Amino acid sequence: MSKKINVIAIVGPTASGKTRLSVELAKELNGEIISADSMQIYKGMNIATAKPSKSEMQGIVHHLIGFLDTCEKFSVASYVELAHKEIKSVYDLGKMPFVVGGTGLYVDSLLNNVKFVDNSSDNFVRGKYEKLLNEKGIDFLLEMLKNIDLESYNNLSSQKNAKRIIRALEFYEVTGTTITEQNEKSRQESPYNCLKIGLTCKKRENLYERINRRVDLMLEQGLLEEAEEVLKSDLSETAQKAIGYKELKPYFNGESSLSDCIEQLKMNTRRYAKRQLTWFRRDENINWLFIDEYGSFEELYMQSLNLIKSKDF
């Protein structure tokens, strides 16, 4: 068996300080950073996605940031394929790969070495379930899912995420296999020896305060101008999901005040952070550090460094 590649993952919700910590650790440990953010991949979407600036990068090489036009779709399968290559290239240089970001599906699929099934999508089948959603509602689709894939039903019934429910139904109809069965078969042995560090706040209100401050700072940095340009461009289905642009659209259309749109942006970002935490907290291998329990960044940094040294990389 070939030797596993050592990888350090820095994960957590938005505004938890992942960029600063990962850059400082990469400087100390001769590392490069592979982004695991589903929106920082796009060109021109900089401020709203909190894409690290040149000064924030401090000379540390960042991979998979700003390489895709906003009109192009992107999938987790595409990300995993590219990220595996980037980790290998960093390792071959004798450097430490850092996987950094808040897109949990990207992180898990990459580090767990998930293999994706080709030809599991069908626009006609998906359209059929989308029509049923509009005509009979999400509970009707959930009952259909319950009859074919109880585990998916249990996972999705409380979230009522229409897209994921439709995807599970589509997958079963196209492949004849439930998405739960496929997820079990798709997990291969990971090629990585990984230490995961999670950043968040002990008190939820402290994280929400950081998010609100970040949005205010984004506005000072020119978010309005960026959003206006981005919303004029041809956005793929993936890019349209980015928080920070669609919330401001009613302001540009003269339908809402700027203050109302900003409040909506802050609320959507807080909700997104909550979903991120729900995702990451399922992973028992994450070493959580609560940033509001440290008196300074230096203390947080030293604790992170001690964790890494204890892993004996």
Of L133, L248, L29, the one that fluctuates the most in a GNM where the chain has Cα springs shorter than 10 Å: L133
Counted charge near G59, where neighbours are those whose Cβ lies closer than 11 Å (Asp, Glu -1; Lys, Arg +1): 0
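For segment 123-185, what is the convex hull volume of its Cα atoms per residue in Å³?
It comes to 71 Å³ per residue, whole-number rounded.
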Projected onto the charge dipole of segment 55-172 (unit charges on the beta-carbon of Lys, Arg, Asp and Glu, signs +1, +1, -1, -1), the Cα from V76, L142, A168 with the largest positive-side position is that of L142
Dipole moment magnitude, nearest 20 debye, segment 185-266 about Cα centre, only Lys, Arg, Asp, Glu C-beta charged: 780
Using a Gaussian network for the chain with springs between C-alpha atoms less than 10 Å apart, which of these wobbles most: K43, K73, K146? K146
Would you kindly calculate the translational diffusion coefficient of the chain, applying Stokes-Einstein with the Kirkwood radius from alpha carbon pairs, for 25 °C and a viscosity of 0.890 mPa s, and quote it in µm² s⁻¹ without decimals? 117
Pick from G66, G222, G137: which residue has the top mean-square fluctuation in a GNM of the chain where Cα pairs under 10 Å get a spring? G137
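Placing unit charges on C-beta atoms (Lys and Arg positive, Asp and Glu negative, everything else neutral), compute the dipole magnitude of the chain about its Cα centre in debye, rounded to 20.
520
Throughout, read-outs are computed from the coordinates displayed, never taken from laboratory work. Predicted model only: the values in this text are computed from it and were never measured. FYI the Cβ positions are ideal-geometry reconstructions off the backbone, even for glycines, and counts take in every protein chain you see.
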